[in-house]
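A quick write-up on the structure given underneath.
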Amino acid sequence: MTSPLRLGIAGLGTVGVGLVRIIQRNADLLTQRTGREIVISAVSAKSRTRNRGVDISMYDWEDDPVALARRGDVDVVVELMGGENGPAKALTEAALDAGKDVVTANKAMLALHGQELAERAEAAGVALRFEAAVAGGIPVIKALCEGLAGNRITRVKGVMNGTCNYILTRMEDAGLPYETVFEEANQLGYLEADPTLDVGGIDAAHKLTLLSAIAFGVKPDFDAIQTSGIERISIEDIRAAADLGLRIKLLGVARVTGRGLEQSMSPCLVPADSPLGQLKGGTNMIVIEGDAVEQVILRGPGAGEGPTASAVIGDVVDIARGMRLPVFGQPAATLQAAVSAKATAAKPWYLRMSLLDKPGALAKVAEALGNAGVSINRMRQYDHDDTRAPVVIITHKTTRDAIDHACTLAAGTGVLVGEPVAMAIEED
């Protein structure tokens, strides 16, 4: 039996407490599977006295997380504090500089500083693992780095934020407006301290940044992802989509084209009977396409104490077994800056507009779309009041540029009430 693997855990929120519980509950199992004992030497968090529902009295306490990283009795630093900079980044840098392996769930830090940290870790010959940073309990990082390493990946797409998926499916199931479900999610503790990270698509875009880096061998570049959130999705959109046999999802898509790498995180419509369309609540789903494997679909819980802590301990187990892999699946020095490309593939689009309830309004909109080269496939007009008439249009396949031009021309007709809502329809 080799010496124990000693952990220092910084951050005792939901995930940190979950990790402590797993280590305490499954200590014998972890030893059997790794050939060495996994123990906790010390912990650090904002409050020492807070009741967390788990006994941490046997562990040393550090008020300063950086001091945790420098302890002689810590082999692996587990960073679960969050935040793209500040204490989390300082802790991670201190741990790497001290020759300590690091396990983190911090997607924002890696999306913005991943290249620098990866180079630092690999120069020091230590591991920087982050399975828990993407899709909770789904082992998608391991799948890309190991199981699918022989594939040339052509596309990664999926639902990567459980809170947004909860809001959208709850709106549909209960017939509730966005504002009501948003407040409900907030009361349940589903939203980040800054809710725009969730509903604005930022959290999910952080995750897509990391998946793209591994899948396509590029430097993490959060700014390259075209990002929009679900704030403008109304109950009218939810109902219209259902009426058309579709469902709305916050969908991340990254794919290689002849012009470069397309990356987007935005609300899209998918067939209701498709795997993505049937995804409910806080569940995540990642679809990976490669030249040899064709398509792999990974589905599971995207957040929560147990699933995310499960991903953390999975990384710890790999370190205990002596596994040392490049941070993003290949040496950081070989990662290339991606050539960003705007999506140009033609696809059907969903447009919702509120028109002034007066003769000729619909004709003006149809003319605007025609002038932009956008052809109408089908159109539905819903019940309206005396001032506005909601209209939903499904186009034939067209490009994002053509849709943007059509919306600009429609806005110039003087018959719209508010801005149009436009969402791509992902059919495959």
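The values are calculated or read from the model by the stated rules, or taken from the named source; none is laboratory data. Because the structure is a prediction, the values reported are computed rather than measured. So basically every Cβ, Gly included, is an ideal-geometry build from the backbone, and we count neighbours across all protein chains shown. Note: areas computed on protein heavy atoms with side chains; ligands, DNA, RNA excluded. Shrake-Rupley method; radii C 1.70, N 1.55, O 1.52, S 1.80 Å.
Listed values, structure above:
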quantity	calculated
Carbon + sulfur, % of accessible area of segment 151-225 - ligands and nucleic acids excluded, 1.4 Å	46
Built amide H within the under 5 Å cut-off of GLY201, gap 5+	ILE230
Residue list for segment 343-366, given a label point 7 angstrom along the Cα-to-Cβ vector of VAL417 and an amide N cut-off under 14 Å	353-359, 361-362
For the chain: accessible area per residue (Å², 1.4 Å)	42
Fully extended contour minus Cα-Cα distance, from ASP223 to GLU37, at 0.36 nm per residue	62.8 nm
Alpha-carbon centroids, segment 1-21 and segment 364-428: separation in whole Å	53
Computed FRET value (nearest 0.05) for GLU427 with ARG152, which takes r as the C-beta separation and R₀ as 25 Å	0.60
Spatial separation of Cα centroids for segment 222-257 and segment 96-115, in angstrom	30
Euclidean distance between Cα centres, segment 176-219 to segment 282-317, Å	16
At least 24 Å along the helix axis (C-alpha) and Kyte average at least 0.5, DSSP helices within the chain	none
Segment 25-89 - percent of accessible surface contributed by carbon and sulfur, probe 1.4 Å	43
Percent RCO, i.e. relative contact order, over segment 97-142, from Cα pairs under 8 Å lying at least 6 residues apart	47
The chain - percent relative contact order, Cα under 8 Å, separation 6 or more	16
DSSP bridge pairs, the chain: antiparallel proportion in percent, nearest 5	65
Rel. contact order, % - alpha carbon contacts under 8 angstrom, at least six apart, segment 279-343	19
Whether segment 285-340 is rounded, prolate or oblate, judged on the alpha carbon gyration tensor where a/c under 1.5 counts as rounded	oblate
